[in-house]
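Right, one structure below, let's go through it.
Bear in mind that the values in this text are calculations on the coordinates, not laboratory data. Owing to the predicted nature of the structure, the values given are computational and were not obtained by experimental measurement. Cβ placement follows ideal geometry from the backbone for every residue including glycine, while neighbour counts extend to all protein chains displayed.
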Amino acid sequence: MSDLKQLSKIVSEFEFLQPGDERFNDAGFSPKLLLFPANVEELSESIKFCNKSKIPLVPIGNGTKLFIGNPVSDVKVVVSLRVMNKVLQYETADLVSTVQCGILFKKFQRSLNKKGQMLPINSPFEDNSTMGGIISTNLSGPLATRYGSCRELLLGIKAVRADGEIINCGAKVVKNVAGYDIPKLMVGALGTLIVLAEATFRLYPRQEFSKTAIMVLNENQDINDLFNKICDIDVIPSSFEILDKNLTARFLPKVKNSICVLYRIESLEDAVVKQMKDLHKIVGKKVNEFFEIDEKSEKNLWKKVSSFPFNTKSKLTCRVNLPIANSFKLLEILKEINKSMKVKIEFLLRPQRGTTLFSIDGEPGDIVYGVNLIRSQVKALKGAVALTSVADELKGQVDVFGDFGSSKLIMKNLKNHFDPNNILSPGRIF
Amino acid sequence: MSNPNKNRNHLWKSSFESRLVKILGRELVISREDELIAYDCDGLTGYRVKPIFVVLPDTTEQVSKIVKLCHEEKVPFVPRGAGTGLSGGALPTEEGIVISLARMNKILEVDIPSRCVVAEPGVVNAWVTNEVSSRGYYYAPDPSSQVVCTIGGNVAENSGGVHCLKYGVTVNHVLGVEMILPDGEIVELGGKTQENFGYDLLSLVVGSEGLLGIVTKVTLKIIKKPGAVKTLFASFEKIEDAGEAVSGIISGGIIPAGMEIMDNVSIRAVESTVNAGYPEDAGAILLVELDGPPIEVELELPLVEDVLKKNNAIEIKIAKTETERELFWKGRKSAFAAMGRISPEYYVQDGVIPRSKLAEVLGEIGELSKKFDLIVANVFHAGDGNLHPLILYNSKNEGELERAEVLAGEILNVCVDAGGSITGEHGVGFDKKRFMSKMFSEQDIDTMNLVRCTFDSEGLCNPGKVFPTPRTCVEPGMKKFEVHPIQKEGRGEMY
């Protein structure tokens, strides 16, 4: 019996992919076998087998973000957590819940909302993403302004190591310092160190009322100055985003030739109403337009913002992390490149996080030149650029992660210790 | 682990000392026996080990050179901040040196536009807030020892404090570190950015209890001071009611900045020292602090009062002035020290339990206290379920210390059985390493060892801490450490 056949016998559900199956085209590899372990024991046994036989595999949730990271090489097996999709533990008074990692974010969120609570995450593909995928890719969305990224919410994990051993790390309580914080290490690790089976999250009360203000500005207005004024107000926004001219045109077609600031407050109703008034009083006269949007438009708008930069047809998209003050300098750089080069850039800045997301489109040569230029300028501003999606024609032409600096050697060493046979998503990061 | 230095002679020591002196100068290398005594323990005074030398570097380069020398000579080293830790994390290693970061105590940069401060590890926690307070900012983690404990120690222990219910612990407030790896190399992890790409090594280093290297520079996140703060306390006849009130506030959708419970023993101890205004006859008090935008605090206050009343609060007292607010907190923050009034010694643990099990676990601790015939005072961060049972004992009474230690272990058992953790903020250190196996399997601990070996393959950096049994590093892919069969069967344990 071939290795793959033997492997398929370990799990309750599996599927051999036929030649021409297109499901993994975006991911850039062609697996032959898809495994759906029913529980952590099956997951453990299948990974143990792969490790012994040195069969590389890619762990996935629902496979919505497989294009992120470097392309994996020579992978024949995909392990999907789709069947492991239950809420295992949920005690409302603890504001903590444990789920299997294959659970859809949407389903998990719904069960929390029923009890007046929430997991404050709004990442791209939120309708189809699993919790395991959200942890592994760490694409925090607009709510990160108030609640931080997934890293701040993950308390504990159950996982399977590359050698098949089942491990528990962290805890199921909000505060714990026993041992290294291995759960946080898995946030953004793209499934290269271990395979997540269960995760415990810190939750928050669902806010009673939400309102979003839109502030419209000329492209040349001093956005940094406005940011400082807004930050001086005694309000903690749940989301705060600055959209460039191109993105404004796409997300808010009624607003012409301007940049937009989106500011969302969520709290008790009376508090939101009062804080919106305060905001208007202080910045209303400094912007061209100030308006609040209704509930339905608000929901739609935030969904679009959360999905950016994956709701674009541009050939390349990136995420940039910079010190907060320097992120405003990046806006100028992007505006300048948009004007002076034959590329089209759309971008949004999450100013209180120093995070910028942008898409760039045009001729391949111009895109490569543009991204490399942005990367070198970002580096000088003490930040980093990572590609989040790349069209096939550009694959391999721009480095996905850029330079990890002096920590690169430790990262490589860590991968080597956790996965000595390099079977977990090989090549994804290293 | 066998000590490679056991047989080192006087000649080796004097040559090693002169090499240290060459790096630092004579006055920054401590070798006199009477001076070394000051470094033989940290805040956990029950364990003491005298190091062979203590060094007091001023710069990152000096730390790097010292660590390189230790690496070359295979000398274990223990980093130390202010030595206020309660788990023996800075306990010296026999035949090893202590590297004190106390002299590296400068705030290097205040960057308000990027909302951060760059500090050396010897900077005292409270200095950071003092530095930025006039600009309307503060550094959130506030361990009770914040006027003496250092940022380097806070990073090592992932320190919490009374406000971490809402604002998180140290790991949520560290943006970057410069650190010396155990072979002396200097690396930078993170920076001034809020997020980073690649593996999150920073999360491993924060809370690593000094086992992964020595942090020489830390970039800390600062946040805006809340526009309004309201502090109140409620007294209860029964501590269980106070526990229920905590759950009620949280499930009512409010996350206060802090929620602290003190039982009657603690109240009386505190009142006899600082006079915080707590009612001495109450079974327990619950201290609640709400902060945030003024309108939110204004709207939340009556909701909190309502929950307290529903849970049988006898009296609710809201601080009317800043002085009164500070007094309420002074009572809580001096609770440990106040125990000196009623007992010559105490042993403190910091197990964590799910909030919903507060009442149940407090009941069990009460039973254990009776069984062991030792008074247990309860002072704790109720909001996040982080207990601080203070076991009062007198080591002059035969067997009392031993009884206190066993009782402490029993309390941690109760915490783990309730689905919690053996430590919420004090760290495992030397003190609680024997309890790690209660919470983690051999495979779990093996996985932590993979992390340690990634950074420190020789096991020179703060050895003998955190891990319940000595573990060596093997090259990736080779056979891993295995527990001796006698240990596996539970017939013996190694310390």
Worksheet item: Mind checking the angle between helix B:10-24 and chain B's longest principal axis? C-alpha axes, 0 to 90 degrees, to the nearest 10.
Response: 70
Response to the item:
Sorted largest first, the Cα spans of the protein assembly as shown on the principal axes come out in Å as 81, 67, 60
Item to complete: Kindly provide the helix-only [θ] at 222 nm of chain B, computed as the sum of -39,500 (n - 2.57) over DSSP H runs of four or more divided by all residues, to the nearest 500 deg cm²/dmol?
Response: -10000 deg cm²/dmol
Worksheet item: Taking a ≥ b ≥ c as the square roots of the eigenvalues of the Cα gyration tensor of the range B:329-405, is the shape rounded (a/c under 1.5), prolate (a/b larger than b/c) or oblate?
Response: oblate
Worksheet, complete the sentence: Taking Lys and Arg as +1 and Asp and Glu as -1, residues besides residue A:393 with C-beta under 15 Å from its C-beta add up to -2
Response to the item:
chain A, convex hull of Cα, quarter of hull surface, nm² -> 21.1
Discussion item. Tell me the angle of helix A:364-380 to the major Cα principal axis of chain A, expressed in degrees between 0 and 90 and rounded to the nearest ten.
Written reply: 80
Worksheet item: By the gyration tensor of its Cα atoms, with a ≥ b ≥ c the square roots of the eigenvalues, what is the shape of the range B:10-100: rounded for a/c under 1.5, prolate for a/b over b/c, or oblate?
Response: prolate
Worksheet item: Ranked from highest to lowest mean number of other Cβ atoms within 10 Å per residue, what is the order of the peptides B:18-28, B:301-311?
Response: B:301-311, B:18-28
Worksheet, complete the sentence: Among B:99, B:69, B:45, the residue whose Cα sits farthest towards the positive end of the charge dipole of the range B:10-100 (+1 at Cβ of Lys and Arg, -1 at Cβ of Asp and Glu, taken about the Cα centre) is B:69
Discussion item. Let's see if you can work this out: charge +1 on each Lys and Arg Cβ, -1 on each Asp and Glu Cβ, no other charges. What is the dipole magnitude of chain A about its Cα centre, in debye to the nearest 20?
Written reply: 160
Worksheet item: Along the charge dipole of chain B, Cβ charges K/R +1 and D/E -1, which of B:295, B:457, B:196 sits furthest on the positive end?
Response: B:457
Worksheet item: Lysine pairs in the range B:10-100 8 or more apart or on different chains: how many have alpha carbons under 16 angstrom apart?
Response: 6
Item to complete: Name the shape class, rounded, prolate or oblate, that the alpha-carbon gyration tensor gives for the range B:380-447, where a ≥ b ≥ c are the square roots of its eigenvalues, rounded holds for a/c under 1.5, and otherwise prolate holds if a/b is larger than b/c and oblate otherwise.
Response: oblate
Fill in: For chain B: span of alpha carbons on each principal axis (Å, largest first)
70, 58, 47
Worksheet entry | Cysteines without a disulfide-compatible partner [chain B; Cβ-Cβ under 4.7 Å] | B:41, B:70, B:116, B:149, B:164, B:415, B:461
Worksheet, complete the sentence: Between the Cα axis of helix B:400-417 and the main Cα principal axis of chain B, the angle (0 to 90°, nearest 10) is 70
Worksheet item: Where the only charges are on Cβ atoms (+1 Lys, Arg; -1 Asp, Glu), what is the dipole of the range A:89-211 about its Cα centre, to the nearest 20 debye?
Response: 380
Worksheet item: With respect to the cross-link table entries A:211/A:329; A:65/A:184; A:115/B:357, which display a Cα-Cα separation exceeding 23 Å?
Response: A:211/A:329
Practice prompt. Rounded to the nearest 500, what is the 222 nm mean residue ellipticity of chain A from helices alone, with -39500 (n - 2.57) per DSSP H run of 4+ residues and division by all residues?
Written response: -9500 deg cm²/dmol
Worksheet item: Going toward the positive end of the dipole of the range A:140-288, with +1 on Lys and Arg Cβ and -1 on Asp and Glu Cβ, which of A:238, A:173, A:153 do you reach last?
Response: A:238
Worksheet item: What is the magnitude of the charge dipole of the range A:3-80 about its Cα centre, with +1 placed on the Cβ of each Lys and Arg, -1 on the Cβ of each Asp and Glu, and no other charges, expressed in debye to the nearest 20?
Response: 240
Fill in: Separation between Cα centres of the range A:33-69 and the range B:118-195, rounded to whole Å
38
Item to complete: Based on a Kirkwood Rh over C-alpha pairs, give the Stokes-Einstein translational diffusion coefficient of the range A:151-276 at 25 °C and viscosity 0.890 mPa s in µm²/s.
Response: 135
